[in-house]
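The values are calculated or read from the model by the stated rules, or taken from the named source; none is laboratory data. Every value quoted in this text rests on a predicted model; they were computed, and no experiment measured them. Note that each Cβ is placed from the backbone with ideal geometry, even for glycine, and that neighbours are counted across all protein chains shown. Note: accessible area is taken over every heavy atom of the protein model, side chains too, but ligands, DNA and RNA are not part of it. Shrake-Rupley method; radii C 1.70, N 1.55, O 1.52, S 1.80 Å.
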Amino acid sequence: MEKTWWKEAVGYQILPKTFYDSNHDGIGDLRGIIAKLDYLKTLGVTLLWIGPFYASPMDDNGYDVSDFLDVNPMFGTLADVRELIAQAHRRGLRIILDLILNHTSDEHPWFIEACAHPDSPEHAFYIWKDPRYDAAGRPQPPTNWASFFADSAWAYDEQAGQYYMKIFSRKMPDLNWANPILRQRMEAVARQWLDMGIDGFRVDAVAHLARDPEFQDSELPVNAQGLAADWSKFSNLPALFDYLREFKQTVLSGRDCLTIGEVGGGASPQMALNYADKETGAFNMVFTFDHCWCNGLEGKEIITEADRRVDVRQLKQVFARWYDGLGERAWPAVYWMNHDLPRVVSQYGDPIRYHRESASMLEAALLLMKGTPFLYNGEEIGMTNVDYSSLEDFHDVWVANYVKEARSRLSEEQILEYERRTSRVNARTPMQWSAEAYAGFSTVEPAEKVIGNYREINVAAQQTDPCSVLNLTRRLIQLRLSAVGKRLFVYGGFEFVEPEHPDLFMYRRFTATEEAWVVCNFRGETIPFSLPEDRGEYVFDNYSDPGFAGALRPYEARVWLRREDS
Ligand code: GLC
Ligand code: CA
């Protein structure tokens, strides 16, 4: 198998707004990331994915961009970006950025021009349709398609007298990739960032660049607002792969950069090969969403205790299906969470009774898997879901749209609980650096509220304890990137052990002459297990004492390794 730097990478995603505030205005910033590069270096990660810091009115946390080549002053300047790239590279850390191709902000000069002048070239950069009219003569959206953010996929522009397509917020008009001039503009944006020295992109919402050209109503059932959540109308459609071929040719060819496409929205492993086949795909990897909700919580407003239980068998099936589907043709990316998901220790662990154990077990399960692993800032100390007691604290356009719609059905308390369980706001609170005021994130009150448990769960408190989530995560990264680790965990084979086991997540990594066994208990109880006698040296445990021979303690993770020379 061909060896590349990105196969050997350990990724770490940073959300600038809540990572570290260097100038004490309550908002994380680029110089804050620079200030923490040494921390990241000692953590052992090798690849940083930095979330959007572009000029933006911040309707969707910076994914609504008003200038792709400029920096939002709340985060810093272009000079800070250059400094960040240089300082990271000096430490051997690579950097990838979010590349947002699907939409702009409605405050982008292109969209302002498009609304003002229907005959301008910019008008054709967006997707416009005439209204339908209801019985009272009021304009109605051209189709019944829902957006991803709990409203219509269309918004009306009074000035233009037309609807524009927007599959996210109304302040994020979709770009028309069928237009060759628009494509060239966006390709130039990507080239410019690569020329500036970044190492690649996480390509945001890339599955949606082509839309069903018929623009007909969906036949799927509609919700109370009359909208159908029919992602097939704008996901993974054939024309998209023509656009990506062009993108590969005009932007990526001849460059040693890493590209990862975000292709949730129902892409199968077979579909993923269209993006990331090592010969024919435009990208090196994709991020799938399929393993993120292997419990009963997804979209469930009222739950039972049973819904919280992780379906460990299903979780293994999802990974196995992707590994099998990608085979030798594409390289996997693996992760537990990102800025769009709840915190993984709250999602798949037990943050109350077994915080340290379950958070570190999840890291063991992830960091020795096949595929490039990505951590999300705060995951390495087991940051949890929010404790917010008011919906006012959830600053998110998706939450806002949902709350508006859900109030007719649910009580305030029910909505609050639903958001505390499922919302992406859970992942967007200030990074917990220390037990000082505001978690050491800032010296003034942060724009996003700090979670109360920062006094116990923080980086400083975990630095010295060898068995903290932080230090266990460090050890796992070191293990993965050691010489034998690279042979086994990066380039070795993979198979689940007892895939049907309902509680344990166990796998074997192997080469012709070496092997490793990773066993993880996903339950808060002791669970018996058995492995072959000759499983080699015992190299990792997330408990500080040896434990039982034939059973795993609550959320215990252990690793054995048999190397060539032992
Ligand atoms: C992606 C991002 C998400 C954002 C959306 C629109 O899914 O991860 O945070 O809201 O695209 O850009
Ligand atoms: Ca700041």
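Observations on the model:
- The chymotrypsin sites (Phe, Trp or Tyr not before Pro) found in region 5-113 that occupy coil by DSSP, while having at most 12 further C-beta atoms within 10 Å, are Trp5.
- Peptides 365-372, 125-132 ranked from most to least packed, by the mean per-residue count of other Cβ atoms within 10 Å: 365-372, 125-132.
- In terms of its C-alpha gyration tensor, region 1-103 comes out oblate, because a/c is 1.5 or above while a/b does not outweigh b/c.
- Electrostatic bookkeeping for Glu436 treats Lys and Arg as +1 and Asp and Glu as -1; over the other residues with beta carbon under 15 Å from its beta carbon, the sum is -2.
- Neighbour cut-off at most 14 other Cβ (10 Å), DSSP loop, trypsin sites (Lys or Arg not before Pro), region 197-274: Arg255
- Heavy-atom accessible area, probed at 1.4 angstrom with all protein chains present, ranks Thr46, Thr288, Thr464 as Thr464, Thr46, Thr288, highest first.
- Helix 238-247 vs. the chain, principal-axis angle (Cα, 0 to 90°, nearest 10): 80
- Added length on full extension, which subtracts the Cα-Cα distance from 0.36 nm per residue, Arg308 to Ala136: 57.3 nm
- Taking Cα centre as origin and charging only the Cβ of basic (Lys, Arg, +1) and acidic (Asp, Glu, -1) residues, the dipole magnitude of the chain rounds to 1300 debye.
- Cβ charges +1 (Lys, Arg) and -1 (Asp, Glu), total dipole of region 72-178, debye: 520
- Heavy-atom accessible area order for Met196, Met1, Met361, largest first, 1.4 Å probe: Met1, Met196, Met361
- Angle in degrees between helix 412-422 and the longest Cα principal axis of the chain, rounded to the nearest 10: 60
- Of the residues Gln414, Leu391, Ala365, the one whose Cα sits farthest towards the positive end of the charge dipole of region 351-432 is Ala365 (charges of +1 on Lys and Arg Cβ, -1 on Asp and Glu Cβ, taken about the Cα centre).
- Calculated FRET value between Asn23 and Asp534, using beta carbons and R₀ = 51 Å, to 0.05: 0.35
- Cut-off 9 Å between beta-carbons: net charge of the residues surrounding Tyr54, Lys and Arg +1, Asp and Glu -1: -3
- Surface composition of the chain: carbon and sulfur atoms hold 50% of the protein heavy-atom accessible area at a 1.4 Å probe.
- Rounded tilt (10° steps) of 312-326 against the dominant C-alpha axis of the chain: 70
- Residues of the chain were split at every exposed loop site, defined as GluC sites (Glu not before Pro) in a DSSP loop with at most 12 other C-beta atoms within 10 angstrom, and the longest piece left, sites excluded, is 3-157.
- Ligands, DNA and RNA excluded, the heavy atoms of Thr42 present near 80 Å² of accessible surface to a 1.4 Å solvent probe.
- Ordering Pro430, Asn458, Gln225 by Cα displacement along the dipole of the chain toward the positive end leaves Asn458 in first place; charges were set at the Cβ atoms of Lys, Arg (+1) and Asp, Glu (-1).
- Its DSSP H runs of at least 4 residues, each contributing -39,500 (n - 2.57), put the calculated 222 nm mean residue ellipticity of the chain at -7500 deg cm²/dmol, to the nearest 500.
- Cα centroid of region 511-566 to Cα centroid of region 232-302, whole Å: 34
- When the chymotrypsin sites (Phe, Trp or Tyr not before Pro) in region 449-522 are filtered for DSSP coil states and for at most 16 other beta-carbon atoms within 10 Å of their beta-carbon, the remaining sites are Tyr491.
- Within the shell defined by Cβ-Cβ distances under 14 Å, the residues around Ala267 carry a net charge of -2, with Lys and Arg each +1 and Asp and Glu each -1.
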